[in-house]
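Structure record follows, encoded as structure tokens.
Just so it is clear, none of the values below were taken in a lab; they were calculated from the coordinates. Owing to the predicted nature of the structure, the values given are computational and were not obtained by experimental measurement. So basically every Cβ, Gly included, is an ideal-geometry build from the backbone, and we count neighbours across all protein chains shown.
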Amino acid sequence: MKTRHAACSCGQLTATVNAEPVRISVCHCLACQRRTGSVFGMQARFPASAVEITGKSHQYQRTGDSGGTAEFHFCPHCAAIVYYRILAQPEVLAIPVGVFADPSFPPPTVAVYMERKHPWVQMPAQCELYD
């Protein structure tokens, strides 16, 4: 098991993870595109008990197209989202893969909202794809 460290841009809000991801996914929904400023969001889910959060965060809740609500935690100084909770799944924390700043992070195994994917984006062959 590898210990992973995630941090906001200024380093004030961090997450240290001592578990392997239970899911690594890409979301092509329009809300994730807006949230990330990119053409998709990529996140890894971990057992909440294996994640240690340090620093202060502000929260923002959003209900997605599926009807589920997520509570995003972002740094009050640099505004980077470091983790979020899916309220219907309190046993897991989701962490955007980019805040690990680790090019060796494993690829996604699931991609959702494929009907909103930009046509030039290609998913790895092993991904389960869902509209």
Can you run phi through the Karplus equation (6.51, -1.76, 1.60; θ = phi - 60°) for segment 26-37 and list ³J(HN,Hα) in whole Hz, with x for Gly and Pro?
10, 10, 9, 5, 5, 5, 5, 4, 5, 4, 8, x
Within segment 108-122, name every residue whose backbone N is under 11 Å away from a label modeled 7 Å from Cα of T36 along the Cβ vector.
108, 111-112, 118
Proxy reagent accessibility, fewest Cβ within 10 Å first, across H5, H73, H118
H118, H5, H73
Quick one: Karplus J couplings for segment 38-55, per residue in order, coefficients 6.51, -1.76, 1.60, θ = phi - 60°, nearest Hz, x for Gly and Pro?
10, 8, 6, x, 10, 9, 10, 9, 10, x, 4, 5, 9, 10, 10, 9, 10, x
As an exercise, find the ratio Rg/Rh for segment 4-129 from alpha-carbon atoms, using the Kirkwood inverse-distance average for Rh.
0.94
Percent relative contact order of the chain, based on C-alpha pairs within less than 8 angstrom and at least six residues apart?
27
List the residues whose amide H sits under 5 Å from the amide H of L13, counting only those 5 or more places along or on another chain, with H placed 1.01 Å from N in the peptide plane.
C8
